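The next block holds one structure in the form of structure tokens; read it before the comments.
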Amino acid sequence: MDSKIKVFVVAVFCGMVLSTTASAPAQAGEPPEMIEICKARHSSLAGIQSCVNDLRFGQVEQMQAKTDDRLARVEAGQGEIRKQLGGIETSLDELKDRQAPQPAVQAPPATSQSVSYSTGRAPTVQVGGVPFRVLPRPSLVSVYSALASREADTLRVTQLAHRDSSRQCGGNDSGARVLITNHGIPVPVWAPEGAASGFTEVYADMNRDGQPDPTPYKVLDPRLQDDFWVTWRAGDDLRVIYLREAGDVLAIQGLPLQTLWRPATHEDSTPSACRPATASSPGGNKSIPAYGLWRVW
């Protein structure tokens, strides 16, 4: 096959491959958008948390399905291209044999071109042939120090059982359960594989409507667990909430009587929660006693 024909065949092949691999930008929602959507659907914090997790996992599954579909179509297209090129090459060889020898023509020098894909604002980086966006990882909370070595930025809150810690964060002397939230959503619990999480489940009335929320919450009993680690990244809005007994119990089929818990209210004349001080900033592994946190009213 002469050089001019080869250049034509290669150009046709590259154009067909590029047209099959172009893809649309990923459509992953940002966490604040997810939270607003879920707040509109659910009234309880537990429901919102479950909704946000479902949206995140749904996006991952949707992107994976689209990626698999694109790769399958690209592979099928490349197979058809190779088949067509094989037929073209055979035909060209036969035609070449029939033609009389022609004077050699020097091929023009090859020029290098760079191809980039853009959304209109900035180049889109592709992984596996499809564009992607980097999203923040969900926050995690754990009673194991292994979280600090696993995550780059963590905050360790200590002395949960200290009397001043309870008063600082809205607890009382009759006992409390500690709930950790980020942007109002309970933080998922993490533990090393095969280890107990250290958290217990309780029912609570977090929206203060007089009714227990349908889903139990993962909380700590300060008398049994005096500290915890939580991922703390830029943009996080951590809250340490000391829950009080609401004064009621729940009779749930198959379970012993369950104590109903609630956060502090204005009538209690105490803070509703605690948070890291504004002067502090995420980054690295830090530690602070609970009574050193700032009050949230």
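For the range 209-231, enumerate the residues that are under 22 Å from the mean Cα position of the chain (by Cα) and assigned to a loop (DSSP other than H, G, I, E, B).
Within the range 209-231, THR215 is the sole residue that qualifies.
What do you reckon, is GLY198 at pLDDT below 95, within 26 Å of the chain's Cα centre (by Cα) and on the phi > 0 side of the Ramachandran plot?
Spelling it out, it is not the case that GLY198 is at pLDDT below 95, within 26 Å of the chain's Cα centre (by Cα) and on the phi > 0 side of the Ramachandran plot.
Report every pair of residues separated by at least 6 positions or lying on different chains whose Cβ atoms are under 9 Å apart, first residue within the range 197-218 and basic (Lys, Arg), second part of a loop (DSSP other than H, G, I, E, B).
ARG208/PRO263; ARG208/THR265; LYS218/VAL187; LYS218/PRO188; LYS218/SER197; LYS218/PHE199
Pick from the range 251-297 the residues that are more than 30 Å from ALA152 (Cβ to Cβ) and of a type in the set (A, V, I, L, M, F, W, C): which of them is surrounded by the most Cβ atoms within 10 Å (Cβ to Cβ)?
TRP261
Every residue, every condition in (1) modelled with pLDDT of 80 or more; (2) in a helix (DSSP H, G or I); (3) among the aromatic types (Phe, Trp, Tyr), yes or no:
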position	(1), (2), (3)
SER19	no, yes, no
ALA24	no, no, no
GLN27	no, no, no
ILE37	yes, yes, no
ASN53	yes, yes, no
ARG70	yes, yes, no
ARG73	yes, yes, no
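The values are calculated or read from the model by the stated rules, or taken from the named source; none is laboratory data. Computed from a prediction, not measured in an experiment: that's the story for all the values here. With ideal geometry, Cβ positions are generated from the backbone for all residues, glycine too; neighbour counts draw on all protein chains shown.
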